[in-house]
Every structure is written in C-alpha cells, then in structure tokens.
1. Given 0.36 nm per residue, what is the gain on full extension from residue 76 to residue 309 after removing their alpha carbon distance, in nm?
2. I need the semi-axes of the equivalent ellipsoid of segment 102-141: take the C-alpha gyration tensor, multiply each eigenvalue by 5, square-root it, list largest first in whole angstrom.
3. How far is helix 236-246 tilted, in degrees, relative to the longest principal axis of the Cα atoms in the chain, given as a value from 0 to 90 rounded to the nearest 10?
4. Figure the gain on full extension for residue 147 and residue 287 (residue separation times 0.36 nm, minus the Cα-Cα span) and round it to one decimal in nm.
5. Over the chain, what portion of Cα pair distances is larger than 30 Å, expressed as a whole percent?
6. Would you work out the charge dipole size for the chain about its Cα centre, treating the Cβ of every Lys and Arg as +1 and the Cβ of every Asp and Glu as -1, and quote it to the nearest 20 debye?
7. Given R₀ = 30 Å, what would the calculated FRET efficiency be for residue 116 paired with residue 296, taking r from the Cβ atoms and rounding to 0.05?
8. Quick query: amide H of residue 286 versus all other amide H atoms, modeled in the peptide plane; which residues come in under 5 Å with a sequence gap of 5 or more or a different chain?
Amino acid sequence: MIIFGRSVALAIALGAMSSCATNGGSNDGLTVPFISKPSEFLNDISAKAAFDRNGAEIDQNSIGLVKSMESAATLDASKKLGAVGVINVELPKDCYVDMECFNQAQYLKLIQKYGRDLIRHTDEVDSYFSNHILDIVHLDSAVGQASSTADRTIAMVSRDQKLRELYGSTLNDAQLEEQTPEVRDLAIFWIRSQVRLRDIQASTWLFETAAQDDSNDKVSLLQDAWLIIQHADRSPHLQYYGVQKLKDSKFPATHGNQWAMLVDRLQLSLGKPQVYATQLRCVEGSYLITSTIDDATVDERRQELGLGKLEVEIGASLGKC
C-alpha cells in the first residue's frame, strides 16, 4: 500500500502559485509557468476532447484536429530553421513548441488505450505528486526572480536537471508500479508535460536573449547554457544556432563530451544520423544508439574529442523504454 505525501504540502504549494505564476522577477518581465494540480490539468485537457454520440470513443474530428496542429507546428519549426540558415530539411512531424497540441495528442493516446473512465484516477495522481509541486513552484520562482542573464541561466539549468531527476524517479518508482496502469501513465504524462513546457520556455528565452546580444559574451552565454540547448529538441533552430556559434570557439576542444552531445542531438533533431554516438533513442520499446554517419569510424571521431571508445554495440537494445 502506498503512503502518499501529506495533503498540506499540496495546499501550501497551491497557495504559493498565485504570487509565483505572475511574478516576472527579472527586468525582462519573464512570466514563469503556471502549475496546477494534476487533476485540474487533466480535467482541463479532457474538457477539450470531443467524443462520439455514445460518449465512448474519441470523435474523429478531435484526432484530425491534433494532426492539423502537428502539421502547423512542424511548419512553424521549419520556418524558424530557415531563418537561421537551414533549408531543405524535412522535420519529423511533431507538436514542437505547441503545448496544447502535445497535451491533446498524449491525452488522446491514453483515452484510446484506457477509455473515457481514465479521468477517474486523477485524484490519485494528485496524491502522488503532492510533495513535489511546491518544489517545482520554487524552481519556477527562482527562474522568474533572477536579476541577471547569468543568474537566470543558472536557475534554468538547475530547474532542468531537477525536473529531469523527478521525471526519472517517476519512471522508475517501484511504488508507482504497484498502482494501476492508468495512474502510472497519467503520472508520467503530467510530469512529461511539465518538463516539456519548461524546456520550451528556456529555449525560447535563450534564443531571444542570445540573438539580441551583440557583445562578446554571446559565446559564453551559450556555453553556460549548453544543457538548455541540448534539451531543446522542440526548438531545433536553437540547437542549430548554438552549434554554429560554438563550433569555432574553444568549447569543442575544452568540453569534448558536451560538444559531441550537442552535435548528435542536433543531427537527430534534423532527422540525420549521429556523428559521435552519444545519444540513446527509444525505438520499438528499446533504448539503443542509432546508426552514425559511419559506424566503422565512430571511435576515430570520438578520439578526436578525447572521448573513449564506444563500449556498446550500435543498434543493440540497452533496456526497455
């Protein structure tokens, strides 16, 4: 039997939201994301989904709407890439920075898997995350209240790491495994959405800040924010921009591992093979390293950056995903 977090923690967190959600903090007026209880989040998404006359199946119009949103988001991402000099690249269809598209797409998948009664399990998801919501509020508040570009970068990188730790612990939580599949999948959906929303906010801020910075500190900013660039899969224009600005700096020589990860992440975002084989991908239920530009010479390219030889076989399963 799971002992969930105390309800008082959730009450305190929700009480803090009103001040944190609208506080821009820094002189650029950045608004931190508003966080609601998982049940409120999921009920809001459910209210936007249309069902058939019997109320049992998702209406085909809802499915068509999500596909249209994905097409529009992919076109927008392609235009942004074109603006930084990337043309003739066919991006994989995705919701990219459109959070409504992402949330609706994920919710429809869960409805198709479990049926409309899925929403009955949201209170259990509230209980599961009750001790974590206040932590997320504090992380968002630190970002919003940062008084300088350097401080905001530090706050965003810290938030990035701590939210990914929470996401990882949710995926691997033995107690959550004891719950129904519906509760587990709803919990993973909620935390994925929280991580994605903040990735988008961070990448949008970083690109706008770096693009407007004509000083010599631009490269330093991108170096310090390399983790934000790394995780900007929904903003491939930022990944390309960052790689282009950093390639002629000292960064590749002094931070070989980070540089390799940035390059490989960009390649995958553009639908191309990796160069250094640093990134795992979930393919048909298994994590694996996908093919590189030349698998036979991958260790030579890794050695150029001071990386060790690849210790796993490219294409071999490295665990379930």
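No value in this document is a laboratory result; all are computed from the given coordinates. Just so it is clear, the structure is predicted and the values come from calculations on it, not from any experiment. Every residue, glycine as well, gets a Cβ built from its backbone with ideal geometry; the counts of neighbours run over all protein chains shown.
1. Contour length minus Cα-Cα distance gives 80.0 nm.
2. In descending order, the three semi-axes are 26, 14, 5 Å.
3. 30
4. Once the chain is fully extended between residue 147 and residue 287, it gains 46.4 nm.
5. Here the long-distance tail beyond 30 Å is 41 percent of all Cα pairs in the chain.
6. Dipole magnitude for the chain comes out near 180 debye.
7. On the way: r = 52 Å, r/R0 = 1.73.
Efficiency at R0 = 30 Å is approximately 0.05.
8. Sorted by chain and number, the residues that satisfy this are 321.
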